[in-house]
Amino acid sequence: MENETNSRLWPTVLVDINNGFEKSQVLFVTTELQLYDLLATHPNGMTANEIASRKELNLEATERILDFVAGIKLIKKDFKSESKTAIYKNLPQIATFLQSSTPNSMVGAIMHASRIKYPLYQHLMTIIKTGNHTEAYKHAFGFDVTLENNIYKSDIYSATFLQFMHQISSITSPGVAKTFDLSSFCEICDLGGGSGALAYALASEYPDATVTVFDLAYAVEEAKKITPDDTQRQRVKFVVGDIFQDEFPPANLYTFARIIHDWEDEKVHQLLQRTFKYLKSGGAVLIAEHLLNETKTGPLETLFLNMNMMVEMSGRERTETEYRQLLEQHGFVDFQCKSVGGHGSFHTMIAKKP
Ligand SMILES: C[S@@+](CC[C@H](N)C(=O)[O-])C[C@H]1O[C@@H](n2cnc3c(N)ncnc32)[C@H](O)[C@@H]1O
């Protein structure tokens, strides 16, 4: 009925795109309010009144939002048969992603979208006109982005961002560690390794290797709070440093996971040049990134990231051919590229210093 009406009025695809931000905002607000954590502690459900008083919200507005959230199938609305009172419950298959401390939690990603991406996207018109995000950062956060004053060194990016990266990276890193046989590398350094999720996966997959995470001071400080309490931590070391300025820790394999896409070509050339310089012959570089198809019209998840890299960072997503060319331009050989099974367009690429 709804589809029929929409197709007679406006195409559903356009209506969905036009109203998409409303769904996002409802997701942001209910996640910020920790609604799904609250409902998880009440498996028999809660009334709008109970939720509104626990969270100190306006009752009518709470009811309206809860009905919307039930309508878009993030929670369930039931009725107590005797009293006909409405109760709201988590849907187990979705709530696990919306609670803060589940292993596959998306809360970090949602907070990042709510607090960083959404305010910046409101300035997309300025970004298109100027070709950069300088004005967007200034208007959204009062932050002056310059080459030296990059966002990774600001308070905007910090704990929330690292948490978000850790959640994604913990899911994809075991696959990245296994894509190629890396057992011949005894010293691995994960450049811009953030929370250490990839480093722990590498240490677990290659018990004979030592693994170093090299990242900025804020990241190393935050990463220490997330350290898993098991034996892998013995072989994972954190070193504070700047990948553009400081000497790389020694290694015969340097890894970059979700790093190259953050930067424009000029910066990527600096990174690859430095990597080549610090490697001995026979050493290798491994890059893990989402790939664009060769026409740059898909897949959709990489297109979203490609927009984000323009709005948030000054980077871009690239095709396999572009990565191969970048690496070969800096003297790397034997380029190989494989998808990280089960993670869409996420790929691992490796190339050697001859
Ligand atoms: C997109 S995150 C990727 C984190 C991690 N590799 C992962 O896949 O989860 C980018 C990382 O690069 C780090 N980073 C940014 N600029 C850096 C710099 N100049 N020197 C060292 N690390 C840097 C950030 O602190 C952050 O941890």
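The values are calculated or read from the model by the stated rules, or taken from the named source; none is laboratory data. Everything numeric here is computed off the predicted structure, so don't read it as measured data. Every residue, glycine among them, receives a Cβ derived from its backbone with ideal geometry; neighbour counts consider all protein chains shown.
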So, first residue closer than 23 Å to Thr102 by Cα and aliphatic (A, V, I, L, M) in the range 151-163, second residue modelled with pLDDT under 75 and not in a loop (DSSP other than H, G, I, E, B), Cβ within less than 7 Å, six or more apart or across chains; the pairs are none
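Say we look at the range 176-191 and pick out the residues that are touching a helix residue (DSSP H, G or I) at 6+ places or on another chain (Cβ under 8 Å) and within 15 Å of Ala257 (Cα to Cα); which of these is surrounded by the fewest Cβ atoms within 10 Å (Cβ to Cβ)? Spell out the reasoning first.
Taking the range 176-191 and keeping what is touching a helix residue (DSSP H, G or I) at 6+ places or on another chain (Cβ under 8 Å), we get 176-178, 182, 188, 190-191.
Narrowing further to those that are within 15 Å of Ala257 (Cα to Cα): 176-178, 188, 190-191.
On the way: Val176: 25, Ala177: 25, Lys178: 15, Ile188: 28, Asp190: 31, Leu191: 24.
Only one residue fits best here, namely Lys178.
Let me confirm something: among Ser195, Ser158, Ser173, which residue is under 21 Å from Asp242 (Cα atoms), touching a Leu at 6+ places or on another chain (Cβ under 7 Å) and either at pLDDT 95 or above or surrounded by 15 or more Cβ atoms within 10 Å (Cβ to Cβ) (or both)?
Working: Ser158 fails: touching a Leu at 6+ places or on another chain (Cβ under 7 Å); Ser173 fails: under 21 Å from Asp242 (Cα atoms).
Going through Ser195, Ser158, Ser173 in turn, the sole match is Ser195.
Could you check the range 228-319 for strands (runs of 3 or more DSSP E) lying wholly inside it with 2 or more residues that are over 24 Å from Phe161 (Cα atoms) and touching a strand residue (DSSP E or B) at 6+ places or on another chain (Cβ under 6 Å)?
On the way: elements: 236-240, 253-257, 284-292.
The strands (runs of 3 or more DSSP E) meeting that bar are 284-292.
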Please go through the range 175-198 and give me each residue that is more than 23 Å from Asp334 (Cα to Cα) and more than 9 Å from the ligand (Cβ to nearest atom), ordered by number.
none
Please work out which one of (1) more than 9 Å from the ligand (Cβ to nearest atom); (2) crowded, with 22+ Cβ neighbours inside 10 Å; (3) more than 19 Å from Ser105 (Cα to Cα) is the condition Thr146 fails and give its number.
(2)
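Per-residue answers, yes or no, for (1) modelled with pLDDT of 90 or more; (2) surrounded by fewer than 16 Cβ atoms within 10 Å (Cβ to Cβ); (3) within 15 Å of the ligand (Cβ to nearest atom):
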{"site": "Asp208", "(1), (2), (3)": "yes, yes, no"}
{"site": "Val213", "(1), (2), (3)": "yes, no, yes"}
{"site": "Leu216", "(1), (2), (3)": "yes, no, yes"}
{"site": "Ala219", "(1), (2), (3)": "yes, no, yes"}
{"site": "Asp229", "(1), (2), (3)": "no, yes, no"}
{"site": "Gln234", "(1), (2), (3)": "no, yes, no"}
{"site": "Val240", "(1), (2), (3)": "yes, yes, yes"}
{"site": "Ile243", "(1), (2), (3)": "yes, no, yes"}
{"site": "Thr255", "(1), (2), (3)": "yes, no, yes"}
In the range 161-174, the residues that are of a type in the set (Val, Ile, Thr) and near the ligand (Cβ under 9 Å from one of its atoms)
Ile168, Thr172
Return a yes/no flag: does the range 327-346 have any residue that is modelled with pLDDT of 95 or more, aliphatic (A, V, I, L, M) and closer than 21 Å to Phe244 by Cβ.
yes
Selection within the range 125-175 - of a type in the set (Ser, Thr, Tyr) and assigned to a helix (DSSP H, G or I)
Thr126, Thr130, Thr134, Tyr137, Tyr152, Thr160, Ser169, Ser170, Thr172, Ser173
